[in-house]
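**Student:** If you scroll down you'll find the structure; I have some questions about it.
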Amino acid sequence: MRIALDPYMIRHVPLLELPGVVAELGYEWIELSPREDFIPFYAHPRVDDDTVAAFRKALAAAGVGVSSVLPLFRWAGPDRQAAVRYWKRAIEITAALGVDQMNSEFNGAYTEPARCEGQFWRSMEELLPVFEREGVNLALEPHPYDFIEDGHAAVEMIHGI
């Protein structure tokens, strides 16, 4: 029998204890969504290289894998340079964990789609080589209030990439 995970409870489990808790609950895989002690929402990752290595060991000891890392940064917003720096570190962390999948959103303001699209493309020009070099795949999802909310428009944008 599996117990449903309470996202609030899991978010407050210390990072290095998380794999053991996940295994104890009967799960084999986790997606790392934003956490204040790892990669927080819209801010530079907080985790250092030693903690990444310790987390990877804790995952292996618990027999738990990371299916994907899900960061959210404002790469289509006005301070896209900061977001690109955050993305580069998040990609580096993902690769150091041995994970090859990241998921995220288009982000940006739905009220300014043209400006946000331009910022997004500038960010992609810098980040695509990093994703490729590190061997990390990126899945993008449209969400309400992003500069792309429609699934069909998102697929067309992704085809353009």
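All of the numbers you see were taken from the coordinates with simple rules; none came from a lab. Not measured: the values here are computed from a predicted model. Backbone-built Cβ (ideal geometry, glycine too); neighbour counts: all protein chains shown.
**Student:** How big is the dipole moment of segment 77-132 about its Cα centre under a simple scheme where the beta carbon of each Lys and Arg is +1, that of each Asp and Glu is -1, and everything else is neutral? Debye, nearest 20, please.
**Tutor:** I would put it at about 180 debye.
**Student:** Summing -39500 (n - 2.57) over the DSSP H runs of n ≥ 4 in the chain and dividing by its residue number, what mean residue ellipticity at 222 nm do you reach, to the nearest 500 deg cm²/dmol?
**Tutor:** Rounded to the nearest 500, the figure is -14500 deg cm²/dmol.
**Student:** Return a whole-number percent for the relative contact order of segment 24-161, with Cα pairs under 8 Å and 6 or more residues apart as the contact set.
**Tutor:** That works out to 23 percent.
**Student:** Still on this structure, I have one more. Just subtract the alpha-carbon distance of Ala54 and Ser67 from 0.36 nm times their residue separation and send over the number in nm, one decimal.
**Tutor:** Extending this stretch completely gives an extra 2.9 nm.
**Student:** Identify, among Val84, Leu16, Thr94, the residue whose Cα sits farthest towards the positive end of the charge dipole of the chain, taking +1 on the Cβ of Lys and Arg and -1 on the Cβ of Asp and Glu, with the dipole about the Cα centre.
**Tutor:** Leu16
**Student:** Based on the Cβ-Cβ distance from His159 to Val13, what FRET efficiency comes out when R0 is 35 Å, to the nearest 0.05?
**Tutor:** 0.35
**Student:** For segment 54-96, list residues with backbone N below 11 Å from a point placed 7 Å from the Cα of Trp29 toward its Cβ?
**Tutor:** 65-68
**Student:** Ok, one more. Near the amide H of Met102, under 5 Å away, which other amide H atoms are found, from residues 5 or more places off or on another chain, if H is placed in the peptide plane?
**Tutor:** Correct list: Val69, Asn137, Leu138, Ala139.
**Student:** Excluding Phe73 itself, calculate the net charge of residues whose Cβ lies under 11 Å from the Cβ of Phe73, where each Lys or Arg counts +1 and each Asp or Glu counts -1.
**Tutor:** +3
**Student:** Now, a different point. Say R0 is 35 Å: what FRET efficiency, to the nearest 0.05, do Arg89 and Ala109 get from their beta-carbon distance?
**Tutor:** Efficiency, from the Cβ-Cβ distance: 0.90.
**Student:** Turning to a different aspect of this structure: Suppose every K and R has +1 on its Cβ and every D and E has -1 on its Cβ; what is the size of the dipole of segment 35-161 about the Cα centre, in Debye to the nearest 20?
**Tutor:** 360 debye
**Student:** Which option, [x] 0.96; [y] 0.99; [z] 1.03, is the value of Rg/Rh (Cα atoms, Kirkwood Rh) that was calculated from these coordinates?
**Tutor:** Given [x] 0.96; [y] 0.99; [z] 1.03, the calculated one carries the label [y].
**Student:** Of the peptides 45-57, 89-101, how do they stack up when ordered by the mean number of other Cβ atoms within 10 Å, highest first?
**Tutor:** 89-101, 45-57
**Student:** I'd like the FRET efficiency for Glu117 and Phe41, computed as 1/(1 + (r/R0)^6) with the beta carbon distance as r and R0 of 30 Å, rounded to 0.05.
**Tutor:** The computed FRET efficiency comes out at 0.85.
**Student:** While we're looking at this one, here's another question. Hydropathy at least 0.0 by Kyte-Doolittle, axial extent at least 18 angstrom from the Cα trace: which helices of the chain, defined as entire DSSP H runs, fit?
**Tutor:** 49-62
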